[in-house]
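The structure appears below as structure tokens.
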Amino acid sequence: MRQAFKEYIGSLSAGVAGAFAAAVFAASAGYAADTKLSDRALVDALWGGGLKIYFRHAQTDWSKGDQVEKDGDWVSCDPNKMRQLSDTGRATAERIGRAMRALKIPVAEVISSEYCRAAETAKHLGLGPVRTTRHIMNLRSEHYVGGHDAAVRNARAIVTAAAPAGKNVVIVGHGNLMRAATGEYTDEAGAGVYAVRPGTPLGFETVAVIAASEWEALAVRFGGGN
């Protein structure tokens, strides 16, 4: 395992290790300063499990638009019909997945939006079988799941559901839903990390917000086992 980790580290450019070694993870506005997690504390929490890691899908080709004319059109992987991942997006998802595996972060389940760009991101992460659900829905298609409030309620139900003991749940969805359901918003391939907190206004709180590039920094510093 440690040899595999050394080989993984050797595959990273020196620039990646240096540029992101001091990455700081922002918590949501209003989250108590003494409960923010970063660096080793965040990795320890991920090793301990019980968290939800909500990724916005990876980078896409913004020269294309979505053409949703009827229920289910969003599952299409045809770039002439729906906006798809770019080559950069696929590579980014694969790099994040390698970093998470190097960190040996325990993952119980991977849940994705039915949109092809989200499901493909989840697949390229390589963290396990992917279960797609319309409970994680792009808000541009919210009327197909009962409207805005229903779409947000569905997403929050997934974030607040208990994770299996000692493991985390990975969710791959959309930025607009992330912002509406959790109050966070990231660039493509960024992630919000949430802890279930019964009795709080939303039933969960933000542990960290992680940019796509920061996973490799964590793997450089803390990979190789817990």
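The values are calculated or read from the model by the stated rules, or taken from the named source; none is laboratory data. Everything quoted here is computed from the prediction, not taken from an experiment. No Cβ is skipped: glycine too gets one built from the backbone with ideal geometry, and neighbour counts run over all protein chains shown. With ligands, DNA and RNA removed, areas are computed over all heavy atoms of the protein, side chains included. Shrake-Rupley method; radii C 1.70, N 1.55, O 1.52, S 1.80 Å.
Each Cα pair under 8 Å and six or more residues apart adds its separation to the average, and for region 41-143 the resulting relative contact order is 27 percent.
Over 27 Å between Cα atoms: which of K52/K81; K70/K123; K81/K167; K70/K167; K81/K123; K81/K104 fall into that group? Display every interim value, and only then the final one.
Numbers: K52/K81 31 Å; K70/K123 25 Å; K81/K167 37 Å; K70/K167 37 Å; K81/K123 20 Å; K81/K104 37 Å.
Violating the 27 Å limit, Cα to Cα: K52/K81; K81/K167; K70/K167; K81/K104.
Accessible area per residue of region 99-226 at 1.4 Å probe, in Å²? Spell out each step's value before the answer.
Values: 4810 Å² over 128 residues.
With the other protein chains kept in place, region 99-226 gives 38 Å² per residue.
Please work out whether region 55-188 counts as rounded, prolate or oblate from its C-alpha gyration tensor, where a ≥ b ≥ c are the square roots of the eigenvalues and a/c under 1.5 means rounded, while otherwise a/b larger than b/c means prolate and anything else oblate? Here region 55-188 falls in the oblate category. Given their separation in residues at 0.36 nm each and the Cα-Cα distance between them, S76 and A41 gain 8.6 nm when the chain is fully extended.
Hydrodynamic estimate: the Kirkwood radius of region 121-210 over Cα pairs, inserted into Stokes-Einstein at 37 °C and 0.692 mPa s, corresponds to D of 239 µm²/s.
Indicate the gyration tensor shape class of region 116-163 (rounded, prolate or oblate), computed on the Cα atoms with a ≥ b ≥ c the square roots of the eigenvalues: a/c under 1.5 is rounded; otherwise a/b larger than b/c is prolate and the rest oblate. In terms of gyration-tensor shape, oblate. Taking label positions 7 Å along the Cα-Cβ direction at both D149 and Q67, the computed distance is 3.5 nm, reported to one decimal. For G203, no residue has an amide H sitting under 5 Å from its own, ignoring neighbours fewer than 5 places away on the same chain, with H placed 1.01 Å from N. Surface composition of region 51-146: carbon and sulfur atoms hold 47% of the protein heavy-atom accessible area at a 1.4 Å probe. Can you bin region 60-134 into rounded, prolate or oblate? Criterion: square roots of the alpha carbon gyration tensor eigenvalues sorted a ≥ b ≥ c, rounded for a/c under 1.5, prolate for a/b above b/c, oblate for the rest. It comes out oblate by the Cα gyration axes. Taking amide hydrogens as placed 1.01 Å from N in the peptide plane, the amide H of S86 sits under 5 Å from those of T60, D61, each at least 5 positions away in sequence or on another chain.
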